[in-house]
Structures are given as C-alpha cells and as structure tokens.
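Shown next, in structure tokens, is the structure this report addresses.
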C-alpha cells in the first residue's frame, strides 16, 4: 500500500489534488516534518524534510511533486493526464517554464501573503517583491496568449501541465495575484475550479 504524506501548502496541495483526481490507490497522511520531534523520523522518508512524499510499506519512497504525479499517472494507467510520446516535450516545456519562471514569480506572492502571516518568517524585501511583480507582468501575457488558442495547456484535454502551471491559482486572491486583465487565464482558472479534486483536495481527509 502507498501512503501520500502531505500538508495543506502549495506543492502538497497540488499532489493531493492530482492523486484524488486520478483516484489513485493511496492512503493520505498529514505530516509536519519540521515539527518538534519529527525531523529525525521523517528524514528516512525524505532527507529534504519536505512534503509531499509517496511511500510504500516496503520502504520505497518517492519525493518531489512532479515525480509523484508521473508515478501515480502511470500506476493508474492515465497516459492522457501525464502524456508521453509526442506530447512529452510539450508537457516538459510547461513544467520547466512553471518551475523556472511562472511558478517562482507566483511563489513570491504566495510566500509574502500566506506563509509570512501564517508561520512568521521574515517578509521578503520590497525590492524582491517588485522583481516578482515585474516577472508576473512579463509572464502573464505569455500564458494568456497560449491559453487564448486552446482550452487546456496541451490542447483539448486536461493534463498535469494544467495542474502544475495552475498550482497557485486557488490562492490567487489571498496572494494578491491580480489576473483580472487576462480573460483566457481567468477562464482556464474557472475550468480548473470546476474539477472537484482541484477545488477541494482535502475534503474528507
């Protein structure tokens, strides 16, 4: 049996939403690896002391959200959700773009307006936030133009690229990410919000 260790933060939320959308055969376990007394035991699951982590009863583990999504999609026979073959380079392009550009800019706002008030770390300097704002202004038109030509990131079918690039969208209002001037992104965000596992990934857990 597989166990998915998670919290309710950004990447773990994405991972739980993916697993529930796939109806993956996993049990869900909330975890706080940095809590007092937890680090030593959790390091055996993930030396980075982060969630999500997928763990099997025999001791096998897999960490990092995209890797877990790939594994669960294969386990569930969902090549439509995590495509290989001819669509794989296109998928990887958007996963990379999100990781290196879009996701980093969005994560700055997520950190400043959700993580800082919730957990109390030092806020990012104004100069850093100005850089994130500038990046969002540069990147949002790229995503807008792409989505204006298609229903989902890779065309007519929902894929993990939508979940990954859209990971911050459920927090956009709280994070003060204004997408009102981008109708295609807003339409896409509404479509994602109609997916039960995306809208309410932690329901019943």
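Over all orientations, the range 45-95 has a Cα convex hull whose mean projected area works out to 4.3 square nanometres.
Over all alpha-carbon pairs in the chain, figure out the percentage whose distance exceeds 28 Å.
Details: 5978 of 20910 pairs.
Tail of the P(r) past 28 Å holds 29 percent of the pairs.
Extension gain, residue 118-residue 173: 0.36 nm per intervening residue step, less the Cα-Cα distance, totals 18.2 nm. Across all C-alpha atoms in the range 45-152, the radius of gyration and Dmax reach 17.4, 48 Å.
Can you quote the Å³ per residue value for the convex hull of the Cα atoms in the range 101-146, rounded to an integer?
Details: hull volume 2.9 nm³, N = 46.
That works out to 63 Å³ per residue.
First obtain the Kirkwood hydrodynamic radius of the range 85-199 from its Cα pairs, then insert it into the Stokes-Einstein equation at 20 °C and 1.002 mPa s, and state the resulting D in µm² per second as a whole number. Spell out each step's value before the answer.
Values: Rh = 14.8 Å.
It diffuses with D of about 145 µm²/s by this estimate.
What fraction of the DSSP beta bridges in the range 2-75 is antiparallel, stated in percent and rounded to the nearest 5? Taking every DSSP beta bridge with both residues in the range 2-75, the antiparallel ones total about 60 percent. Divided by 2.2 N^0.38 Å, where N counts the residues, the Cα radius of gyration of the range 2-75 comes to 1.01. Counting only C-alpha contacts under 8 Å and six or more residues apart, can you give the relative contact order of the chain as a whole percent? It rounds to 23 percent for the chain.
Output the peptides 180-189, 10-19, 34-43, 81-90 sorted from most to least packed, where packing is the average of other Cβ atoms within 10 Å over each peptide's residues. Walk me through the numbers on the way to the answer.
Working: 180-189: 15.6, 10-19: 24.2, 34-43: 10.9, 81-90: 13.9.
Descending mean neighbour count gives 10-19, 180-189, 81-90, 34-43.
Here the range 1-159 carries DSSP beta bridges of which approximately 60% are antiparallel, counting only pairs with both residues inside. When the Cα atoms of the range 154-205 are aligned to their principal axes, the ranges along those axes come out at 35, 29, 16 Å in descending order.
Values in this text are rule-based calculations from the coordinates and carry no lab data. A quick note: this is a predicted structure, and the numbers were derived from the prediction, not measured. Positions of Cβ are backbone-derived with ideal geometry, glycine not excepted, and every protein chain shown enters the neighbour counts.
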